[in-house]
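A quick write-up on the structure given underneath.
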Amino acid sequence: MLIEKQGEWFTEQGEALTLVPQTRKVEHVVSSDGEVVGKRCGGLCGSMLPVDKFAKCSKGFAKKRSYCKTCEKLRHEANRRGEDVYGNKKRPIKAKAERVYADGVCVRKKCPTCDEWKDADAYYVVRGSQDKLSTSCKKCQGKLMKVAMAKDPERYKTYGHNRRAKEAALPGDLSPEAWELALDHFGHACALTGATENIHLEHAIPIAIGHGGTVEWNCYPLEGTLNNSKSATNLFEWAKGRSDIDKTRFNRLITFLADQCGLTVDEYRDFYDWCFRNPRLTVGEIEADGGLDSLDLCQLRK
């Protein structure tokens, strides 16, 4: 038995123990000679217990299981009832997909979503999976994605834009969290008008000219009709010809973009214009620059 007094741990015999907080290893206590004598149970009880209260496990910390023997018993009983340790009904385990192989390569597979046999080209290529194919066929994956996007559209908005940038050999690593920060900055409204409906993710430097990409310093929220109007034009030149854009909001947007790039407003305008003067119109041109992003490339070539 282990005893805690005012945040310090002791054995029944009164020997002081050293508490080692949880890092990559579970929270535990060690004796004066460095031996692990107790650890925190990962089960429901969550108690600090002597190591002899845990069953042996050659791969576990201190050669013991994560759950104490009592919690381990409760877990097995719950598992037999088809429940987790909290009493919730477990989701049924999907049967493994049926596959047909030829020379070690999966050539045909039964989609577990639509339950139809389909050739390998009906699936996306996923290098890390067992059969190098997506779990569901392309058609089902699309339906599942639409459902997920309807539940949380802002989170999934970045995915398609990242893919589009990568297909053009440009950076595409804008995270949902980074996009959420950009939305927060502009009050979840259009950066140029303040409109709150039909908000699009807009690239300040268009992907079409072979610069920028879907990255933090190149994306901001823009109302849909304005986004369609701007298209792949120069943001500064496009804004000049519109009477429906508030100048104060425009200046605030440019300051935001410059800050994201780590540049002054004047430096950002120089960089922006440089991108338009030096377009890269093919994937080959972009790849020839060795993966440098446009900011670094601009500095290198000036």
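The values are calculated or read from the model by the stated rules, or taken from the named source; none is laboratory data. It should be emphasised that the depicted structure is a prediction, and the values quoted were computed from it without experimental measurement. Every residue, glycine as well, gets a Cβ built from its backbone with ideal geometry; the counts of neighbours run over all protein chains shown. Ligands, DNA and RNA are excluded from the accessible area calculation, which covers all protein heavy atoms including side chains. Shrake-Rupley method; radii C 1.70, N 1.55, O 1.52, S 1.80 Å.
Data overview
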quantity: Amide hydrogen neighbours beyond the local backbone of TYR67, cut-off 5 Å, H modeled; calculated: GLY42
quantity: P(r), alpha carbons of region 128-207 - 5 Å bins starting at zero, rounded %; calculated: 3, 12, 17, 21, 21, 14, 6, 4, 2, 0
quantity: Relative contact order (percent, whole number), the chain, Cα cutoff 8 Å, 6+ residue spacing; calculated: 8 percent
quantity: Length-normalised contact order for region 104-158 - Cα pairs under 8 Å, 6+ apart - percent; calculated: 24 percent
quantity: About the Cα centre, charge dipole magnitude for region 218-302 (Lys/Arg +1, Asp/Glu -1 at Cβ), debye; calculated: 320 debye
quantity: Average accessible surface area per residue within the chain, 1.4 Å rolling probe, Å²; calculated: 62 Å²
quantity: Cα-Cα P(r), region 187-254, percent of pairs per 10 Å interval; calculated: 22, 59, 19
quantity: Sulfur and carbon atoms: percent of accessible area, region 144-302 [1.4 Å]; calculated: 51 percent
quantity: Cα gyration tensor shape of region 143-302, rounded if a/c is under 1.5, else prolate or oblate by comparing a/b with b/c; calculated: oblate
quantity: Set of lysines with alpha-carbon distance to LYS56 below 26 Å, sequence-local pairs under 8 removed; calculated: LYS25, LYS39, LYS64, LYS69, LYS73
quantity: Computed accessible area, LYS166, all protein chains, 1.4 angstrom probe, square angstrom; calculated: 130 Å²
quantity: Estimated [θ] at 222 nm from DSSP helical runs (n ≥ 4, -39500 (n - 2.57)) normalised by residues in the chain, nearest 500; calculated: -10500 deg cm²/dmol
quantity: Cα-based shape type of region 1-156, given that a ≥ b ≥ c are square roots of the gyration tensor eigenvalues and the cut on a/c is 1.5; calculated: prolate
quantity: Dimensionless Rg ratio for region 76-131, taking C-alpha atoms and the 2.2 N^0.38 Å reference; calculated: 1.61
quantity: Separation of the VAL283 and ASP33 label points, Cα + 7 Å toward Cβ, nm; calculated: 6.5 nm
quantity: Per-q log10 I(q)/I(0), region 75-177, q = 0.15, 0.19 Å⁻¹ (Debye; single scatterer per alpha-carbon; no solvent); calculated: -0.88, -1.03
